[in-house]
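As structure tokens, the structure follows; a few thoughts come after it.
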Amino acid sequence: MNKDLKDKTLQDLEKVVVALGQKPYLAGYLFKFIHVQNGREIAGISTLSKAFRTQLAEQEYFISQLKVVDALTDRDGSAKYLFELADGERIETVLLPEEERMTLCVSTQVGCPMGCAFCATGRIPLRRNLTAGEIVDQVNTVEEHAGRITNLVYMGMGEPFLNYDAALKSIRILNHSAGKNIGIRHITISTSGIVPGIKKLADEEIRPRLAISLSAPTDTLRSRLMPVTDKYPIAELLEAVRTYQAATGQRVTFEYVLIDKINDTITHAHLLVKLLRGLMYNVNLIEHNPFTGCEFTGSSRERIQRFASALKEAGVETTIRFRMGRRIKAACGQLQAGYHPRKQAKEM
Ligand code: SAH
Ligand code: SF4
């Protein structure tokens, strides 16, 4: 069994505590120490008896801690954190401060196996899944530097639904009222379209907001940009979205990365509206972030505005996400986790 106490829900901690012959309520003290106080050392949990702390340490329980290798801040306020994991692997996390929100974009895998053609993370083969503790600790550690995180998006490195159990467990931990208590409506999980994951989540008792990275209105075009389409065609994907929507009553966000003359014509916009008819949704248009070796050019702002206008005229709620953190390569799809750390640091 994994002995990392940060990797455990309150219920898991109760089991640990009871198995050691202690009263279950002590799990609450542990949970609070780790997730409210962002505590790291078992020895520092003053609410537990010294004997119990010694017992935990003797049983080799510990509280994992990500190592901050680098933290870059952009003039626009966004920040990118480069973390090293216990086994030396590296991941990135991005903080996006807005007026009333502090949104953290967390990673769920080291690398990503999905191979989307426009994404820098997709160039890094999957090295491994993160544990729930490693996902949670991205929040705990950034909070120590930057203050309270109010919103979470699972849009960093990796495909959350290919690491379903750990992603969901991290949501349970971060949402729990005895811990960080981040509202479930303030948590968004973004997927490239892993149909079984969407359906499974629809049946959970805890259901975050869902975002689907669509980026094309037809299977032919989408499969060129996002190979996942070959396995789960758009029709199947939208069926799963309908199931999620029926179960939750929530509006779904579709993300659409605009690539010059590939998926950004008015015809594409009209096809998109037709495709999504009948769903409750909004669209986030994302300005493509360039990276070395990418064959695509992002659409100009003018083309993005035209695409947005076509959607809005059709009554679709549309938001344009212009690049944040561009000077530190901290935006969506640019996270490469220190595979070129020197190059990135120089660009500040
Ligand atoms: N794997 C999940 C979550 C991480 S990707 C997913 O694909 O949804 C998060 C978002 O970044 C996705 O919407 C993706 O389409 C977008 N993205 C990927 N590469 C990008 C790039 N180069 N520029 C802008 N957005 C990008
Ligand atoms: Fe993976 Fe998402 Fe990037 Fe596609 S867009 S390669 S699924 S991280």
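The values are calculated or read from the model by the stated rules, or taken from the named source; none is laboratory data. Bear in mind the structure is a predicted one, so any value in this text is a computation, not a measurement. In this analysis, Cβ positions are derived from the backbone assuming ideal geometry, glycine residues included, and neighbour counts consider all displayed protein chains. Heavy atoms of the whole protein, side chains included, go into the accessibility calculation; ligands, DNA and RNA do not. Shrake-Rupley method; radii C 1.70, N 1.55, O 1.52, S 1.80 Å.
Of all residues in segment 300-321, count the ones that are open to solvent by less than 30 Å² (accessible area, probe 1.4 Å), free of Cβ contacts under 8 Å to residues at least 40 places away in the same chain and not polar (S, T, N, Q).
1
Could you look through segment 237-262, keep only residues that are within 16 Å of ligand 2 (Cβ to nearest atom) and farther than 12 Å from ILE212 by Cβ, and pick out the one that is farthest from the chain's Cα centre (by Cα)?
Per the criteria, the residue is ILE262.
When you scan segment 102-113, do you find a residue that is within 27 Å of THR191 (Cβ to Cβ), within 16 Å of ligand 1 (Cβ to nearest atom) and open to solvent by 30 Å² or more (accessible area, probe 1.4 Å), even just one?
Within segment 102-113 (the criterion being within 27 Å of THR191 (Cβ to Cβ), within 16 Å of ligand 1 (Cβ to nearest atom) and open to solvent by 30 Å² or more (accessible area, probe 1.4 Å)), the answer is yes, since at least one residue qualifies.
Take the conditions polar (S, T, N, Q) and within 15 Å of the chain's Cα centre (by Cα) and apply them to THR141. Does it pass?
no
Residues of segment 219-232 being within 16 Å of ligand 2 (Cβ to nearest atom), free of Cβ contacts under 8 Å to residues at least 40 places away in the same chain and open to solvent by 10 Å² or more (accessible area, probe 1.4 Å), which ones?
SER223, ASP230, LYS231, TYR232
Go through segment 163-206 residue by residue and tally those that are within 16 Å of ligand 1 (Cβ to nearest atom), open to solvent by less than 30 Å² (accessible area, probe 1.4 Å) and not small (Gly, Ala, Ser).
12
Scanning for something within 25 Å of THR297 (Cβ to Cβ) and of a type outside the set (A, V, I, L, M, F, W, C), does segment 162-185 turn up at least one residue?
Checked against the condition, which is being within 25 Å of THR297 (Cβ to Cβ) and of a type outside the set (A, V, I, L, M, F, W, C), segment 162-185 yields no hits at all.
Go through segment 293-306 and give me each residue that's closer than 17 Å to ARG323 by Cα and away from ligand 2 (no atom under 16 Å from the Cβ).
Listed by number, the residues that qualify are THR297, SER299, SER300, ARG301, GLU302, ARG303, ILE304, GLN305.
Among (1) in contact with a helix residue (DSSP H, G or I) (Cβ under 7 Å, 6 or more places away or on another chain); (2) in the same structural domain as ASP165 (by TED's automatic domain parsing); (3) not basic (Lys, Arg), which single condition is GLY77 missing?
(1)
Go through segment 114-128 and report how many residues are away from ligand 1 (no atom under 13 Å from the Cβ) and in contact with a strand residue (DSSP E or B) (Cβ under 8 Å, 6 or more places away or on another chain). I'd like the intermediate steps shown before the answer.
As a first pass, look at segment 114-128 and keep what is away from ligand 1 (no atom under 13 Å from the Cβ): 125, 127-128.
Now restrict to residues that are in contact with a strand residue (DSSP E or B) (Cβ under 8 Å, 6 or more places away or on another chain): 127-128.
Within segment 114-128, residues that are away from ligand 1 (no atom under 13 Å from the Cβ) and in contact with a strand residue (DSSP E or B) (Cβ under 8 Å, 6 or more places away or on another chain) number 2.
Just give me the residues in segment 40-74 being in contact (Cβ under 8 Å) with a residue 24 or more places away in the chain and within 23 Å of the chain's Cα centre (by Cα), in sequence order. Steps first, please.
Here is the first cut: in segment 40-74, the ones in contact (Cβ under 8 Å) with a residue 24 or more places away in the chain are 40, 42, 52, 55-56, 59-66, 68-74.
If the condition is that a residue be in contact (Cβ under 8 Å) with a residue 24 or more places away in the chain and within 23 Å of the chain's Cα centre (by Cα), then ILE63, SER64, GLN65, LEU66, VAL68, VAL69, ASP70, ALA71, LEU72, THR73, ASP74 are the ones that fit.
Would you check if THR141 is open to solvent by less than 30 Å² (accessible area, probe 1.4 Å) and not acidic (Asp, Glu)?
Answer is yes for this residue.
Yes or no: segment 211-219 includes at least one residue that is assigned by TED's automatic domain parsing to the domain that holds ALA246, more than 14 Å from ligand 1 (Cβ to nearest atom) and either in contact with a His (Cβ under 8 Å, 6 or more places away or on another chain) or farther than 29 Å from ASN289 by Cα (or both).
Looking for residues that are assigned by TED's automatic domain parsing to the domain that holds ALA246, more than 14 Å from ligand 1 (Cβ to nearest atom) and either in contact with a His (Cβ under 8 Å, 6 or more places away or on another chain) or farther than 29 Å from ASN289 by Cα (or both), one finds at least one in segment 211-219, hence yes.
LYS50: among the basic types (Lys, Arg) and open to solvent by 30 Å² or more (accessible area, probe 1.4 Å), yes or no?
Considered against the rule, which asks whether it is among the basic types (Lys, Arg) and open to solvent by 30 Å² or more (accessible area, probe 1.4 Å), LYS50 comes out as yes.
What's the total number of residues in segment 248-299 that are in contact with a Leu (Cβ under 9 Å, 6 or more places away or on another chain) and open to solvent by less than 60 Å² (accessible area, probe 1.4 Å)?
The total comes to 28.
Could you tell me how many of the residues in segment 25-72 are of a type in the set (D, E, K, R) and over 18 Å from GLY133 (Cβ atoms)? Outline the logic, then answer.
Pass one, segment 25-72, residues of a type in the set (D, E, K, R): 32, 40-41, 50, 53, 58, 60, 67, 70.
Now narrow it down to the ones that are over 18 Å from GLY133 (Cβ atoms): 50, 53, 58, 70.
Total satisfying the criteria: 4.
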